[in-house]
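Student: Pasting in a structure now, in structure tokens, and then I'll have a few things to ask.
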Amino acid sequence: MFGFAVIHPAGAVLFDTGIGPPHALIDRLYRPFRTPLDAGLANIGLSPADVIAIINCHLHFDHCGGNQLFPGTPIFAQKAEYEAARAPGYTLPEWVDFPGARFELVDGDAEVLPGISVIPTPGHTPGHQSAIVDTADGRAVLAGQAAETARQFTRLEGAGAEYVASLRRLHRLSPRRVMFSHDPTVWEPAGR
């Protein structure tokens, strides 16, 4: 699972925070290899104190597990996703509603900071969202799991009509690059 740090003049914004601390069930089922979030941030010259906001594409445990390192920091999620996370077996509830969790629930498109916005991209989950980042060299999309892979994004493939509609919406944004949560490939339009 890949998380991303967007460096904004106001501070760092994290897009997803990874799988989180050791957890007996998760470790037994998935056998994850973890890079501690604070170490990952240090590798790019940041510390947890530099993080001013978090955007979660969705609230499955592998995307929100590190949120608990940031009590009081605004966490942007779609209202539909926060409600879906209440269902039994959806995620680890204690990784969503941890002491000091501060959710900023949005319902649809929303600006997080100037140049950073979120848009709903349901399909993988009912409240999945992607982040749109306007950069000096064009628009970047942090797709999360709107598509599992760059190939799926290119071919407009998905498990159902919502997936495909979300991908079409992302394509209409004419992004310069698209990054995914579970695929290291960065998609860029042909000819660039």
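Every number here is computed from the coordinates shown, using simple stated rules; none is lab data. This structure is a prediction, so every number in the text was calculated from the model and none was measured. Cβ coordinates were reconstructed from backbone atoms using ideal geometry, including for glycine residues, and neighbour counts include every protein chain displayed.
Student: Post the alpha-carbon centroid distance, the stretch 95-117 to the stretch 126-192, in whole angstrom.
Tutor: Comparing the Cα centres of the stretch 95-117 and the stretch 126-192, I get a distance of 20 Å.
Student: Moving on. Figure the gain on full extension for Glu111 and Thr149 (residue separation times 0.36 nm, minus the Cα-Cα span) and round it to one decimal in nm.
Tutor: Fully extending the segment from Glu111 to Thr149 adds 11.1 nm.
Student: Can you pull the one-decimal nm distance between simple spin-label points at Ala87 and Leu156, each 7 Å off the Cα toward Cβ?
Tutor: Distance between label points: 2.7 nm.
Student: Rounded to the nearest 5, what is the percent of antiparallel bridges among the DSSP beta bridges in the chain?
Tutor: The antiparallel proportion sits near 55 percent.
Student: When N is the residue count of the chain, what does its C-alpha Rg come to as a fraction of 2.2 N^0.38 Å?
Tutor: 0.97
Student: First select every other residue whose beta carbon is under 14 angstrom from the beta carbon of Pro126; then total the charges, Lys and Arg +1, Asp and Glu -1.
Tutor: Around Pro126, the charge tally is -2.
Student: OK, next. How large is ³J(HN,Hα), in whole Hz, for each residue of the stretch 132-138 in order, when computed from phi with the Karplus curve 6.51 cos²θ - 1.76 cosθ + 1.60 and θ = phi - 60°, using x for Gly and Pro?
Tutor: Those phi angles translate into 10, 10, 8, 10, 4, 10, x Hz.
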